[in-house]
Amino acid sequence: MGKLDGKVALITGSGAGIGRDSALAFAREGAAVAVVDVRAPRAEQTAELVRAEGGRARAFACDVRFLDQVQKTVADVLAEFGRIDAVFNDAGTTRPGDVVSVSLEDWEMVLDVICAARSTCRVRRCRTCWSAAPARSSTWVRWTV
């Protein structure tokens, strides 16, 4: 029995890197995993890795900068798994250059993904899940860079 048996984890940025490793770690502890990434093929690859190890996972394509996509993804995750117990926000991006040479547009995009997306996912998840089941306890896991 794993520590997360019967739980559902929504993990953003889980198509590669730390997010992928986190999805596998959550699954190894028994959680069903909603693999969320802006790149659908990468999300599906991670979901396949989870399933290959005997876990339960489904891939969801979502650009977490956009509230409408987050709302749809949360609704789809709830339809698939019936609940969300943990949200692990690992979505992030970079652009070539340093803070002096990067364009303002690229800098704002990085901030949108790293900062605004984390807040959007948390707020959307709170409103959706707590309104559906106010007595349910939640576990919040947050990756801070």
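The values are calculated or read from the model by the stated rules, or taken from the named source; none is laboratory data. Here the structure is a predicted model, which means the values were calculated and not measured. So basically every Cβ, Gly included, is an ideal-geometry build from the backbone, and we count neighbours across all protein chains shown.
Taking the stated definitions as given, is A34 surrounded by fewer than 24 Cβ atoms within 10 Å (Cβ to Cβ) and closer than 17 Å to G6 by Cβ?
Spelling it out, it is not the case that A34 is surrounded by fewer than 24 Cβ atoms within 10 Å (Cβ to Cβ) and closer than 17 Å to G6 by Cβ.
What is the number of the single condition among (1) assigned to a helix (DSSP H, G or I); (2) small (G, A, S); (3) within 13 Å of the chain's Cα centre (by Cα) that A59 does not meet?
Single failed check for A59: (1).
Among the numbered conditions (1) buried (at least 24 other Cβ atoms within 10 Å of the Cβ); (2) among the small types (G, A, S); (3) at negative phi, tell me where A40 comes up short.
For A40, the exception is condition (1).
Considering I11, I18, which residue is in a strand (DSSP E or B) and modelled with pLDDT under 95?
Exactly one residue qualifies, and that residue is I11.
Can you tell me which condition A43 does not meet? The list is (1) of a type in the set (A, V, I, L, M); (2) within 15 Å of V87 (Cβ to Cβ); (3) not in a strand (DSSP E or B), and all the others hold.
Every condition holds for A43 apart from (2).
What number of residues in the stretch 48-91 are within 19 Å of L4 (Cβ to Cβ) and out of contact with any helix residue (DSSP H, G or I) (no Cβ under 8 Å at 6 or more places or on another chain)?
Here the count works out to 8.
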